[in-house]
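The values are calculated or read from the model by the stated rules, or taken from the named source; none is laboratory data. Note that the structure is predicted; figures quoted are calculated from it, not measured. Cβ placement follows ideal geometry from the backbone for every residue including glycine, while neighbour counts extend to all protein chains displayed.
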Amino acid sequence: MTSITEKIEVPKNEDSKSIQSLTSIETKDLDHVVEADDDEQSYPYSAVPQAQMYFIMILLGSVGLLSTIAGPSLFGSLNDMEKSFNVGPQKIDLLITVYSAVQGVSPSIVSYFIDSGFISKRNATWIGALIYAWMSFGLTQCKEYKGLFALRFFQSFAISPVISINNSVCADLAPKKARGMITGIVGGVQVSLGSAFAPVISAALTERFGSYKAMFYYLFILGSSSSIISFLCLPSTDRTDVGNGYKMPKKLINRAPIIYTKFWSSRCFQKEYPESIVQKKKLSPFLPFLIIKKLEVVVLLLASGLQFTQWTVAMTALSHILANKHYNKGTLEIGKCFLAIGIPTLCSIIGSGRVMNYCYKVEKKKHDKFIEENCNNADFDPELPKYKLNLYKTRLYYVTPFQLISSACFAVYGWLLYKEQPVWLVLLFVGIASLFSNGILPMSTVVIIESHPDAGSSAAALLNFGRCELAAIFVAVYTYMVNAWNVGWCFTFLAILTVLSSAALQFVMNKQPYWDYERKLKEAQKEAESNKGKLKIDA
C-alpha cells in the first residue's frame, strides 16, 4: 500500500461522535501502520523446541497454582480458625479479602520491575515461591491474629505475580496466532482449579491432622519444592536478553543449571538469531492503569470480575452456612461439598478453550467470505472497522449466554441456602452455576492480551487486578450484606450486577472496532501535526 488521504465511511447506526471524528486525515504509509505477524519473520519466533516449551509451561503452571490454592485455602477450615484465634467470621473473611486485594495489586508492581530489567522472569518466579514457602511456614507458627494478617499479606505479594509472569512467558515462546489460546487456558486453569480445589484439600488436611496448620505445612512443602525445581530447571525467556532462546543469558544469575546440560544445549543453542533480540523500551510504572482508560477494557473488567466475584462469594457462603445449626456439617463433609464446584469448574475451563477455537473458526470463515464479496468496493480498506475481524465478538461470542445461565443459578442457589433446602439441591445449582461461570476468565484473558500485544503482561495484570479487587470487596462485605438482607438477596443483587455488565459487554462488542479505529486515527493525526511542526522549524 502507499500513503493515502481517505475519508472513512461509518455505518448509519454509529453515533454522531464517531461519524464526526472519523474524518479525512493524512496518515502515514499503511505498510508501517499495519504490523506484520511475528511468526512471518526471516527467523523462527522461538528456538525452543516444542517439548521444552511444554515443560516450561507445565513448570510455570504448577508454580501459578500455589497462588490460587493459597487464596481460598481457608474455606475448608474457617470454623477451626475461628475457634483457634477466638475471632468472628468477619475477621476470618478479612484474611481472604487481604489475600485477594494484594493478589490484584502485586502483579502490576512486579511486572514493571521485570519489564524494566531489574529482575528476570525466572528469578522473580523462584524467589517468589521461596518467600511464599517461608510465609506459609510462619503461618503455622503464628499465635496472634495480627501476625496471621501480616503473613497472609506477604504470602500473597510474593507469589501472585507468577500469574502475569506466565502470560509474559507465553508471549516470549509463542507467536501471536498461537499465544492467545495458550495464555487463556494456562491462566484460566491456574485461577480456577487452584481456587476450586483448595477448599477440598484444606478440609481434608484439617480433618486428618486436627488443625488448620496442616494446610500451611502442605503449602510450605509445595512452595519449597517449586522454588528448588524452578531455580534448577526454569530457563530465562526474556527476549531482550536471550532473543528467541538461541543464546544463554548474559548474567550468570539468570542462567538455570538445566541449560548447561547436553539435553538442553543440543536442542536450543544450535543457530544464531541475533535479529530476534528485542530492544528494551522505556516503560511507565502505571502502564496497566493507562490501559484502563479505554471504555471497552473497563466493561470487560467489570463483566469478568463480577462473574468471578459471584463464584468466590458462593464458596464463602457454602463454608459458612453448611456449618450452621441446620446443616451442621463437619470440616471434611464441607470440603467434599466443594467438589460440586471444583469438577464443573474444570469442565468449564476445558470447554471454554474448545468454544473459543470453534467461535474463531466460524467467525473467521464468515469474515473471509465477507471480504471476498466486498473487496472490490470503492471504499475497501482492510483497516476500516467494517472490514476488520471483530476480535471482541469473536472471542466473547458466548459470554453473555453463559453469564445469564450462571447468574440465574447463583441467585437460585442463594435462595436455597436461605430457605435451608436439602444439600443435594443446593449443590446441584451451584454446580450448574460453576459450569457456566469460569469460562469468561480464559476468554477475557485472551482478548485483552491480543488487543494489547505489546503490553500483554501488563494487560493481563490489569485484568487480574479487576477480578481480585472486586472479589475482595464483596467477600469483605458479604457478612454485612447477609445480616442486612439475607443470603438470597445477596446473590440476587450480584446476579443483577453481572447481567447488567454482560449487557454492557454486548454493546462494547459491537462498538469496540470503531472506538479502536478512532483512537488510531487521532494518534496518526497528532503524529502528522507533530511532523509538520518539526518541518516548519527546520525550514
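Using the structure shown, decide if G71 is modelled with pLDDT under 80 and outside any helix (DSSP H, G or I).
no
For the range 54-103, which positions are in contact with a Ser or Thr (Cβ under 6 Å, 6 or more places away or on another chain), farther than 30 Å from K121 by Cα and aliphatic (A, V, I, L, M)?
Matches in the range 54-103: L78 only.
Only one of G342, G335, G414 is over 30 Å from K213 (Cα atoms) and assigned to a helix (DSSP H, G or I); which?
Values: G342 fails: over 30 Å from K213 (Cα atoms); G335 fails: over 30 Å from K213 (Cα atoms).
Answer to the check: G414.
Output the residue which, of all residues in the range 500-525 that are under 18 Å from F402 (Cα atoms) and among the polar types (S, T, N, Q), is surrounded by the most Cβ atoms within 10 Å (Cβ to Cβ). I'd like the intermediate steps shown before the answer.
From the range 500-525, those under 18 Å from F402 (Cα atoms) are 500-509; that's our starting set.
If we keep only those that are among the polar types (S, T, N, Q) too, we end up with 501-502, 506.
Working: S501: 20, S502: 24, Q506: 16.
Ranking the qualifying residues of the range 500-525, first place goes to S502.
Just to check your reading of the model, which residue among S236, S227 is surrounded by 19 or more Cβ atoms within 10 Å (Cβ to Cβ) and either assigned to a helix (DSSP H, G or I) or modelled with pLDDT of 90 or more (or both)? So that I can check it myself, show each step before the final result.
Details: S236 fails: either assigned to a helix (DSSP H, G or I) or modelled with pLDDT of 90 or more (or both).
Being surrounded by 19 or more Cβ atoms within 10 Å (Cβ to Cβ) and either assigned to a helix (DSSP H, G or I) or modelled with pLDDT of 90 or more (or both) holds for just one of S236, S227, which is S227.
Search the range 315-326 for residues being aliphatic (A, V, I, L, M) and over 20 Å from the mean Cα position of the chain (by Cα), and hand back the single one that is surrounded by the fewest Cβ atoms within 10 Å (Cβ to Cβ).
Filtering the range 315-326 down to residues aliphatic (A, V, I, L, M) leaves 315, 317-318, 321-323.
This time we only want the ones that are over 20 Å from the mean Cα position of the chain (by Cα), so: 317-318, 321-323.
Working: A317: 23, L318: 25, I321: 20, L322: 22, A323: 18.
Result: A323.
Taking the stated definitions as given, is K365 modelled with pLDDT of 80 or more and among the basic types (K, R)? Break it down into steps so the answer makes sense when it comes.
Values: modelled with pLDDT of 80 or more: yes; among the basic types (K, R): yes.
So K365 passes the test.
State which residue pairs qualify: first residue at negative phi and in contact (Cβ under 8 Å) with a residue 60 or more places away in the chain and inside the range 242-256, second residue surrounded by fewer than 17 Cβ atoms within 10 Å (Cβ to Cβ) and among the acidic types (D, E) in any location, beta carbons under 7 Å apart, and separation of 6 or more residues or different chains.
The qualifying pairs are Y246/E272.
Hey, V87 hits all of (1) assigned to a helix (DSSP H, G or I); (2) touching a residue at least 40 places away in the same chain (Cβ under 8 Å); (3) more than 30 Å from T240 (Cα to Cα) but one; which does it fall short on?
(1) is the only condition that V87 fails.
Within 30 Å of P382 (Cα to Cα) and at pLDDT 70 or above: which single residue out of S62, S46, S21 fits that description? Steps first, answer last, please.
Values: S62 fails: within 30 Å of P382 (Cα to Cα); S21 fails: at pLDDT 70 or above.
None of the others qualify; the one that does is S46.
Residue by residue through the range 402-427, note down the ones that are surrounded by fewer than 17 Cβ atoms within 10 Å (Cβ to Cβ) and without any contact (Cβ under 8 Å) to a residue 24 or more places away in the chain.
Q421, P422, W424, L425
Which condition from (1) assigned to a loop (DSSP other than H, G, I, E, B); (2) more than 25 Å from the chain's Cα centre (by Cα) is the one that D241 breaks?
(1)
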